[in-house]
Structures are given as C-alpha cells and as structure tokens.
Amino acid sequence: MTTKLPRYDVAVIGAGVNGAGIARDAALRGLRVIILDKNDMCSGTSAISSRLIHGGLRYLEYAEIPLVYESLHERRYLRRNAPHLVKPLRISIPIFAGARRGRLLIRLGMIAYDLLSYNKSLPHHDMLNSDEMRKVEPGLRQDGLRGAARYFDAQVAFAERLVLENLLAARSAGAEIKTYCEVHQIKSCHGRVDSLVYRDKSGKDHEIGADTIVNASGPWVDEVLKTAPRRTRRFVGGTKGSHIVVSPFAGAPNDAFYVEAAADGRPLFIIPWNGQYLIGTTDIRYDDTLDTIRASRAEVDYLVAETNRVFPQAKLSIADINFAYAGVRPLPFQEKGPESAITRRHIIKLNRDIAKGLISIIGGKLTTYRSLAEQTVDRLAKILLRKLPECRTRDTPLPGAFGVDRAREKILASGLTTEWGGERLLSIYGGRAAAIVEIAAAGAPLRDKIDLDGHYLAAEVVFVIREEFAVTLADIIFRRMMIGFDADQGRSLYDAIAACAAAELGWSKTELHEELRELRSYADSLRVAERVSS
Ligand SMILES: Cc1cc2nc3c(=O)[nH]c(=O)nc-3n(C[C@H](O)[C@H](O)[C@H](O)COP(=O)(O)OP(=O)(O)OC[C@H]3O[C@@H](n4cnc5c(N)ncnc54)[C@H](O)[C@@H]3O)c2cc1C
C-alpha cells in the first residue's frame with residue numbers, strides 16, 4: 001500500500017449528478033470522500049438533459065416497470081427535498097388520427113403512471129376531447145386532432161444547481177471537491193485499487209490514496225477505465241441527444257407537450273423553460289469525440305420541422321433558435337437494436353477484473369441519481385467491510401431548501417434588488433440567497449447593481465466565487481448564476497460580471513481578456529444559426 005499520500009475511503013471521478021449524489025451520500029455516512037472533475041462540476045451529460053424529473057412514461061412501452069416505479073418515487077423525494085429547484089410541470093399528449101400511439105394505449109399508459117405513483121402529491125391525469133383541447137391550447141394543430149391526455153411530472157429548470165447543491169451538502173459533510181482536475185491514472189496494489197493520479201489546471205500532477213474508486217464519469221467511463229492497470233471490455237455505448245431553445249412563438253403552448261414525431265415516431269418534448277421553449281431530443285448512436293458535442297444540422301432541422309408540424313403558426317426557422325445544446329447518454333453498450341430500446345436503468349458495475357474496490361456507474365437518469373447513490377454507497381460499505389449508518393438522503397433536504405421564506409423577507413427588507421431580482425435569487429439559490437444580501441451589506445462595490453434595470457447585484461458574483469467554487473466566467477454565467485441560458489445568453493452582463501470576478505480573483509488585465517474571450521467563444525459555440533446554416 002502506498003504510504004504518505006493523502007488517503008480517502010472513496011475517490012469519486014466525475015462531478016455530474018451521479019458523482020455528486022454519491023459523494024454526498026458517502027460523506028453523510030461518515031466516509032472520507034474526495035470528488036474530482038476534469039472540468040467544472042456539471043459540465044457533462046447532466047447539463048444537457050431535458051431537465052425533467054420524471055417517471056419516464058415512454059419506458060412503459062418497454063415494460064421497464066421497476067424503473068418507472070423507482071423514478072416516480074424519486075420524483076416525490078426530490079419535490080420534498082428540493083422544492084426550490086424541482087417544480088411540478090403539466091404535460092399534454094395530443095392524440096392525432098393515424099398516430100402510432102392511439103387513445104386507448106395512451107389512456108392505459110396514463111392509468112399505469114398514476115397507479116405506479118399512488119401516493120404522489122401531484123394531481124392524477126385527465127383526458128380531453130378535441131373541442132376541450134382546442135380551447136386550452138388554440139395553437140395546437142387542429143387537423144386530425146382527436147383529443148389529448150394531460151398529466152403531471154416535474155421539471156428541474158437548472159440541473160446544474162441540483163448537482164451543485166449535492167456537492168455543497170457533500171462538502172458540509174466533510175468531502176473534498178476538486179474541479180478542473182483530470183484523473184489520468186488509476187493504480188492498484190495486490191489486486192486492489194490503491195491510488196489515483198490527477199492533473200490540475202496548471203498541469204501539475206498529484207497522487208492521492210483511495211481504498212475505493214467510483215468511476216462516475218458518465219460517457220467517459222470507458223476512457224477512465226483505460227487509465228487503470230488492466231484492460232476490460234467496453235461498457236458504454238452512448239446515443240447523442242440534442243435540444244434547441246427558442247423564444248415564445250406564435251401559437252406556443254401553455255403547458256409542456258409530449259408529441260410523437262412524424263418522421264420516426266419517436267416521442268419528443270416541447271417544454272416551457274426559462275422564459276423560452278426547450279425542444280428535444282434526438283437519439284442517435286454516437287461513437288465520436290466526447291468533449292465538444294454540438295447539435296448537427298440534421299438534428300436541428302428535425303426538431304424545427306416537428307415543432308412547426310404540431311404548432312403550425314410557429315413557422316420556426318434556424319434563425320429563430322436562441323441556442324442549442326447536445327451530449328451523449330451514457331447507456332449500457334449494446335451493439336444492435338433500436339436506440340430507444342436500450343435500457344435507461346443504471347448498472348453499478350464492480351470492476352473486479354481490473355482491481356477490487358473499483359466501481360463504474362453506467363447509465364442512470366437525473367431523476368434517479370439519489371437512489372443510485374444510495375445503492376452505490378451500500379456496495380462501498382461491503383467492499384470496505386464497514387458497517388455504515390443508514391442512508392439519510394431520502395429525508396434530508398438539500399441546502400437551498402432551508403429558510404426560503406426568511407430569505408425572501410430579508411431580500412425584500414434590504415431593498416437592494418427589484419422584486420423580480422429577489423424572486424430570481426430565490427429560484428436559483430433557495431434560502432441560501434440570504435447570504436448574497438449579507439455580502440452586499442458590506443457596502444460598495446458589493447451592493448452595486450451590475451445591470452441597468454437593477455436586478456443583479458455584484459454580491460452575487462462574489463457569492464458564487466466564495467461559496468460555490470466557481471473559478472471561470474463560464475462557471476459563473478452558465479453553471480451558477482444561470483444567465484447563460486437566457487435568450488441572449490446573458491451577453492449584456494459579461495463585461496460587468498468579468499470586472500467583479502477579476503476584482504475578487506485578482507485577475508490581471510491579460511487574464512481578464514482571456515477569460516472573456518473563452519466565455520464568448522463558448523457562448524458562440526452554442527448558437528446555431530452561424531454554425532449550421534451553411
Ligand atoms: C439528451 C438527454 C436528455 C436527458 N434527459 C433527461 C431527463 O429529462 N431526465 C432525466 O432524469 N435524465 C435525463 N437524461 C439522463 C441524464 O442526464 C444522465 O444520465 C445523467 O446526467 C448522467 O450523469 P452522470 O453524472 O453519470 O454523467 P455526467 O453528467 O456526464 O458527469 C460525468 C463527469 O465526469 C467528468 N469526467 C470525465 N472524465 C473524467 C476524468 N478523467 N477525470 C475527472 N472527471 C472526469 C466529466 O467532466 C463530467 O462532468 C438525459 C440525457 C440526455 C443525453
């Protein structure tokens with residue numbers, strides 16, 4: 001065994017939703033935990049999802065009953081433990097003449113969905129005839145409309161914040177968090193994992209000892225396994241999924257829509273999100289580079305065409321897309337068969353053939369990260385031969401869930417921001433928003449507003465740097481303050497935020513310019529019109 005290295009019971013590779021959930025659960029149960037990500041937290045698949053906390057109605061078609069049951073119950077726990085982040089979402093399924101899924105099948109699915117979530121707090125489904133549906137959603141295509149089913153699921157508008165709050169809870173329970181630290185070697189000793197080597201942002205290598213290692217690197221699972229001393233088979237065979245984001249359009253729906261694509265019969269979502277509409281997704285086998293995935297022209301055309309078909313007044317074109325994002329589902333490798341039939345269940349793979357104590361997480365959903373984490377930490381306890389306390393995450397709120405009403409009073413009483421600005425802070429930081437007005441109370445320049453409308457405080461930028469380990473402008477804008485997903489990608493605030501960050505982090509002028517250049521280049525890469533129109 002390697003000596004004199006900092007040593008941990010568990011090292012988690014990858015700070016997406018699964019890694020963050022595992023780190024939190026393990027730390028809460030008293031294990032010494034470190035979690036590392038080669039980029040910022042939540043910079044992989046967890047940031048490019050449809051942002052639904054859902055049972056997965058579609059999985060009923062593949063008889064994945066246990067997965068739907070588990071997901072529906074996890075939805076309930078998430079609503080209870082993170083009500084500031086996870087909100088109810090009504091979804092309509094229009095029924096058109098000639099569609100693959102007819103009224104009876106949809107009705108049966110709805111009943112099964114209600115039964116599997118018998119003790120939910122959300123309302124049951126209802127069925128509308130075509131006249132009723134026309135009244136509530138006048139922009140919906142009328143031609144061939146037979147009616148609709150409506151049901152409730154939930155939405156996590158900013159999954160980035162869900163991942164972050166898991167990490168904050170992990171840190172409070174003693175876990176160490178290292179972002180921009182890429183693991184490039186896993187070492188073993190006498191057939192057991194022993195240590196790993198990671199490279200930090202400056203290019204320096206560090207080695208840490210670990211009795212167990214959880215490879216929660218999502219689509220990168222096989223790449224990470226290649227850094228271990230022995231070879232193994234392929235585990236992940238991803239499919240690419242893309243979304244486009246557009247501003248409210250003519251005839252846009254009030255509720256979210258779950259529609260069957262005319263082109264291939266796949267279900268896709270049109271979801272009100274962040275003052276815009278999130279439309280997706282595609283599902284295409286993918287074997288290319290994992291680090292910079294962007295929506296292709298064919299995917300964008302497919303999503304635009306399907307939206308225009310269901311909402312004919314929309315008449316969307318590529319020029320109407322504010323931005324798009326894409327990524328890869330880390331699904332279990334399966335050589336043949338339709339993409340949509342690959343199981344969405346997670347697999348907790350013990351890589352004993354490589355080294356005892358090494359575990360890889362394959363698949364999983366945002367919705368079920370908590371139960372996956374519980375099952376993983378139960379396995380770790382067995383490997384470590386430790387009797388750990390029971391898992392507590394089912395009943396433990398995430399940090400921002402505490403003190404929301406008190407925070408609201410404090411923000412209002414401070415008079416520091418507008419009513420809109422205050423509500424925005426609460427919807428992003430929950431009760432933790434109170435700390436932002438505390439920072440602002442220190443006086444200028446922290447209490448200064450950084451926009452003309454007076455919604456945003458300089459103190460918010462400082463808060464996410466001090467309290468939420470943001471280190472780059474993209475971290476601040478796209479994964480903490482969340483303004484990167486506004487229709488203009490928050491561009492009007494880039495210079496002001498950069499100035500606050502430079503003062504807090506002591507950036508030189510050159511560093512500031514380089515940060516701004518990288519931020520703009522990242523934001524540009526998500527824009528569609530310039531990239532795919534040729
Ligand atoms: C298009 C699409 C839509 C989806 N929609 C939904 C949905 O609506 N609801 C739902 O519940 N689920 C949804 N999912 C599924 C869900 O988003 C993913 O399964 C989940 O986010 C996977 O999380 P993860 O933590 O395993 O992986 P990731 O989020 O990818 O995290 C892995 C992390 O590992 C890091 N990493 C990689 N290599 C290294 C290394 N060598 N060293 C250190 N760090 C490393 C990466 O930087 C990354 O941050 C969707 C998935 C896709 C693709």
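The values are calculated or read from the model by the stated rules, or taken from the named source; none is laboratory data. The model shown is predicted, which means the values in this text are computed figures rather than measured ones. As a convention, Cβ positions derive from the backbone with ideal geometry for all residues, glycine included, and neighbour counts pool all protein chains shown.
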Which residue out of Arg370, Arg386 is farther than 25 Å from Ser50 by Cβ and either among the aromatic types (Phe, Trp, Tyr) or outside the structural domain of His243 (by TED's automatic domain parsing) (or both)? Arg386
Which numbered condition trips up Asp287, out of (1) within 16 Å of the ligand (Cβ to nearest atom); (2) closer than 26 Å to Asn39 by Cβ; (3) surrounded by 15 or more Cβ atoms within 10 Å (Cβ to Cβ)? (3)
Only one of (1) surrounded by fewer than 19 Cβ atoms within 10 Å (Cβ to Cβ); (2) assigned to a strand (DSSP E or B) is not met by Val259, so which one is it? (1)
For Val33, state whether it is in contact with a helix residue (DSSP H, G or I) (Cβ under 9 Å, 6 or more places away or on another chain) and either assigned by TED's automatic domain parsing to the domain that holds Val136 or under 28 Å from Leu278 (Cα atoms) (or both). no
Those residues of the stretch 375-397 which are within 16 Å of the ligand (Cβ to nearest atom) and either on the phi > 0 side of the Ramachandran plot or buried (at least 20 other Cβ atoms within 10 Å of the Cβ) (or both), in sequence order: Thr376, Val377, Thr393
Could you check the stretch 213-239 and list, in sequence order, the residues that are modelled with pLDDT of 95 or more, part of a strand (DSSP E or B) and within 10 Å of the ligand (Cβ to nearest atom)? Asn215
Of all residues in the stretch 120-178 being more than 21 Å from the chain's Cα centre (by Cα) and in a helix (DSSP H, G or I), the one that is surrounded by the most Cβ atoms within 10 Å (Cβ to Cβ): Met133
Would you confirm whether any residue within the stretch 301-309 is within 17 Å of His243 (Cα to Cα), hydrophobic (A, V, I, L, M, F, W, C) and touching a Gly at 6+ places or on another chain (Cβ under 6 Å)? no
Of the residues in the stretch 407-429, those that are in a helix (DSSP H, G or I) and within 21 Å of Val464 (Cβ to Cβ) number 15
Subset tally (residues that are surrounded by fewer than 24 Cβ atoms within 10 Å (Cβ to Cβ) and of a type in the set (A, V, I, L, M)) for the stretch 197-220: 2
Residues of the stretch 18-35 being touching a Gly at 6+ places or on another chain (Cβ under 8 Å) and near the ligand (Cβ under 6 Å from one of its atoms), which ones? Asn18
